[in-house]
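The values are calculated or read from the model by the stated rules, or taken from the named source; none is laboratory data. Since the structure is predicted, the reported quantities are computational estimates derived from the model, not experimental observations. Because the Cβ atoms are built from the backbone with ideal geometry, glycine has one as well, and the counts that use them run over all protein chains shown.
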Amino acid sequence: MMNRREFGKKIGGSLAVVGVTGTVGIRPFSAKAARVPRKNTMMHVCGDYHSVVGGKGADMVSKANLEYNLRHGVKHLTAKVSKESSKGVWDLDELKRMKDNCDKFGVVFEAIRMKDDYIRAKKESDRDRELDTIAENIRRASKVGVEVITYHWRVIPIRRNRKTNGRGGVTYVGFKLEKNWRELPVKKAGRVDSDEYWERIDYFLKKIIPVASQYNVKMACHPYDPPGLPFGYQGVDNWDSPSVFDAIKRYEALFESPYNGFQVCLGTLAEGLKNPAKDVLPIVDYLAERGKIHQIHMRNIRGGLHDFYEVFPDEGEMDFLEIIRILRDRQYQNAICPDHMPAHPDDPGKLQAFALGYGYINALIHAANAEV
């Protein structure tokens, strides 16, 4: 295996491409002509593990939860798998049960969120064992018709360090970069510099994307939350720092395949941008034009890079109607999920908040399509 420093030099530019053939070359920017407004009946709202009747750990494919989703116009589901072997292999009977329950209610079992243990594995042997598990889980997901597996590389936990009051008595959570961030403790995974982080990603993509292609399951990477943290934050040079857009381009270029794409979390992208309202639009268009958005998380924030709060989708920095117009014109065909809704004591499972999110997304889709 090549030395980490040599690897860093080899992929240091965001335009280097390693494709299925293993060749390296220059990938030119190939933006299409101006978007042409046209109806899009394929993009759709989707429910997931953030909002489940019965709370955390409840059965996502229970009658109560599936009916809750259907009442709010949600006919697609992204799940987490609760039953697995000691090695993390998903239980096939459990997957079939989830598929059967969804089928009974006319809900599409569309996607699964996988665990992120691989990225924290220090030894190559440990990483290889994780990759074997992921490959087997892809194979099993394909057996029940799952089209997308989402994942989130977290060497350190998601960062939130403050709260404030919001409308109707809700709580908004947020993050502000600490003045003393250099003094924060290094986490269990230890020091992971940029070269090592990208080497792990490259190794993952080369091993897993061909498997995903074989079984027709798209892999959707969620950016680290929040992007743009300074290198060395709690010992880590996060992959989506210092520029989240440059990092996404680099990630895509490492392995050019329609199966190597993203779970585009609009809130997370906004957290890494100085001017979210303006700067998020070219990122969405860049990926949508290339067919590299396999799922979307729609949440809004107030603020931007290193200083933000998560808020309801209709009151933050971003104009989601303009984003939906981009997705409409680029003929985006996948799911849009509400995400990280504010909390209230009278809504402990956030079912009310997510109901607002589902309705808001459906209304945006209808409004955008009504324009053309």
Residue match in the range 256-270 (condition: more than 19 Å from I149 (Cα to Cα), at pLDDT 95 or above, hydroxyl-bearing (S, T, Y) and not in a strand (DSSP E or B)) = no
Could you check, for the range 349-370, whether at least one of its residues is surrounded by fewer than 16 Cβ atoms within 10 Å (Cβ to Cβ), modelled with pLDDT of 95 or more, among the hydrophobic types (A, V, I, L, M, F, W, C) and farther than 27 Å from K292 by Cβ?
-> yes
Could you check, for the range 236-250, whether at least one of its residues is within 20 Å of A363 (Cβ to Cβ) and of a type in the set (G, A, S)?
-> no
Filtering the range 290-327 down to residues that are in a helix (DSSP H, G or I) and over 18 Å from the mean Cα position of the chain (by Cα), which residue is nearest to F255 (Cα to Cα)?
-> I326
Take the residues of the range 76-90 that are surrounded by 19 or more Cβ atoms within 10 Å (Cβ to Cβ) and out of contact with any helix residue (DSSP H, G or I) (no Cβ under 8 Å at 6 or more places or on another chain): which is nearest to Q295 (Cα to Cα)?
-> T78
Please report, ordered by residue number, the strands (runs of 3 or more DSSP E) entirely within the range 120-219 with at least 1 residues that are over 24 Å from Y49 (Cα atoms).
-> 162-165, 171-176
So which of D116, D93 is in contact with a Phe, Trp or Tyr (Cβ under 9 Å, 6 or more places away or on another chain) and either without any contact (Cβ under 8 Å) to a residue 40 or more places away in the chain or surrounded by fewer than 21 Cβ atoms within 10 Å (Cβ to Cβ) (or both)?
-> D116
State all residues of the range 346-369 that are among the hydroxyl-bearing types (S, T, Y) and either without any contact (Cβ under 8 Å) to a residue 40 or more places away in the chain or closer than 13 Å to Y68 by Cα (or both); if no residue qualifies, say none.
-> Y358
Might you let me know whether the range 216-225 holds any residue that is surrounded by fewer than 20 Cβ atoms within 10 Å (Cβ to Cβ), touching a residue at least 12 places away in the same chain (Cβ under 8 Å), at negative phi and not basic (K, R)?
-> no
Please name all residue pairs, on different chains or six or more residues apart, with Cβ atoms under 6 Å, provided the first residue is in the range 127-145 and is within 15 Å of I209 (Cβ to Cβ) and the second residue is aromatic (F, W, Y) and assigned to a helix (DSSP H, G or I).
-> I138/Y215; R139/Y215; S142/Y215
Reported set for the range 271-282 where residues are surrounded by fewer than 22 Cβ atoms within 10 Å (Cβ to Cβ) and assigned to a helix (DSSP H, G or I) is A277, K278, D279, L281, P282
In the range 77-98, is there at least one residue being in contact with an Asp or Glu (Cβ under 7 Å, 6 or more places away or on another chain) and under 20 Å from M341 (Cβ atoms)?
-> yes
Taking the range 164-192 as the region of interest, how many residues are surrounded by 14 or more Cβ atoms within 10 Å (Cβ to Cβ) and either of a type in the set (G, A, S) or free of Cβ contacts under 8 Å to residues at least 60 places away in the same chain (or both)?
-> 8
Look through the range 46-104, keep the residues that are aliphatic (A, V, I, L, M) and part of a loop (DSSP other than H, G, I, E, B), and return whichever of them is nearest to the chain's Cα centre (by Cα).
-> V81
Among the residues listed as I365, I301, I283, the single one being among the β-branched types (V, I, T) and within 16 Å of N40 (Cα to Cα) = I365
